[in-house]
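Engineer: I'd like to ask you about the structure that follows.
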Amino acid sequence: VHRRLRPEEMGGWIAAAHRRDGGNGDPTELPSLPKGVLDAAALRETETRFQSVLLPQAFPEGCPLHPAYPAGHAVIAGACVTVLKACFDESHEVPEPVIPKADGLALERYVGEPLSIGGELDKLASNISMGRNFAGIHWRSDATAGLRLGEEVALRVLAEHALTGNEIFQGYSLRKFDGTRVTI
């Protein structure tokens with residue numbers, strides 16, 4: 001059972017502890033907090049700047065009420081990207097990539113290391129899974145575990161699919177998020 005609290009809830013615990021001990025680092029009758037959290041410079045800076053030790057929340061309705069681990073968006077991103085990498089040539093380079101200009105009003109030619117389909121798909125999965133972290137909804141470990149779980153589910157579905165086709169099929173070969181190559 002994974003009942004990991006969300007960052008917003010942890011912030012509430014920290015705020016309650018901070019109020020109870022007057023900022024002296026000695027909360028009572030509260031769940032235990034990581035050692036030194038009430039003495040953190042970030043806590044003092046947040047209180048000075050915002051008159052609160054709570055972190056800002058991107059969603060006005062707050063975070064979901066169910067546990068944080070693993071991140072559902074990350075599970076879906078991991079599964080979808082794994083299937084796409086199995087179906088397409090990951091090593092194919094993106095032809096003539098472009099990036100936005102500094103003003104955001106036009107595009108310019110990308111100059112740098114070649115961009116591969118597999119690398120871009122991995123970035124997409126990471127951005128989807130980490131986006132909820134930036135909003136204060138998940139921890140980084142929720143996203144990492146979610147990507148791995150989604151990848152594992154997709155690999156098992158692909159393995160089952162490889163056994164059920166009528167055509168002669170050579171299997172799937174792809175690079176996992178950890179960089180290892182797997183052939184099904």
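Engineer: Could you list, in sequence order, the residues of the range 136-184 that are closer than 30 Å to Met10 by Cβ, among the hydroxyl-bearing types (Ser, Thr, Tyr) and buried (at least 16 other Cβ atoms within 10 Å of the Cβ)?
Structural biologist: If the condition is that a residue be closer than 30 Å to Met10 by Cβ, among the hydroxyl-bearing types (Ser, Thr, Tyr) and buried (at least 16 other Cβ atoms within 10 Å of the Cβ), then Thr144 is the only one that fits.
Engineer: Here is a list of conditions, (1) under 22 Å from Thr180 (Cα atoms); (2) part of a helix (DSSP H, G or I); (3) of a type outside the set (Lys, Arg), and Asn133 meets all of them except one; can you say which number that is?
Structural biologist: Of (1) under 22 Å from Thr180 (Cα atoms); (2) part of a helix (DSSP H, G or I); (3) of a type outside the set (Lys, Arg), only one is false for Asn133: (1).
Engineer: While we're on this one: For a quick check of your reading of the model, give me the residue pairs whose first member lies in the range 96-107 and is in contact (Cβ under 8 Å) with a residue 12 or more places away in the chain and surrounded by 11 or more Cβ atoms within 10 Å (Cβ to Cβ), whose second is aliphatic (A, V, I, L, M) and in a loop (DSSP other than H, G, I, E, B), with beta-carbon atoms closer than 9 Å and at least 6 apart or on different chains.
Structural biologist: Pro97/Leu115
Engineer: Another question, then. Looking at Glu108, is it part of a strand (DSSP E or B) and of a type outside the set (Val, Ile, Thr)?
Structural biologist: So Glu108 fits the description; yes.
Engineer: Within the range 111-121, track down each residue that is surrounded by 14 or more Cβ atoms within 10 Å (Cβ to Cβ) and in a loop (DSSP other than H, G, I, E, B).
Structural biologist: Listed by number, the list holds a single entry, Leu115.
Engineer: Considering only the range 60-105, how many residues are within 30 Å of Pro7 (Cβ to Cβ) and in a loop (DSSP other than H, G, I, E, B)?
Structural biologist: So the answer is 13.
Computed from the coordinates by the stated procedures, all read-outs in this text should not be read as laboratory data. The shown structure was predicted, so the numbers you read here are calculated from the model rather than taken from an experiment. A quick note on method: Cβ atoms are made from the backbone with ideal geometry, for glycine too, and the neighbour counts reach across all protein chains shown.
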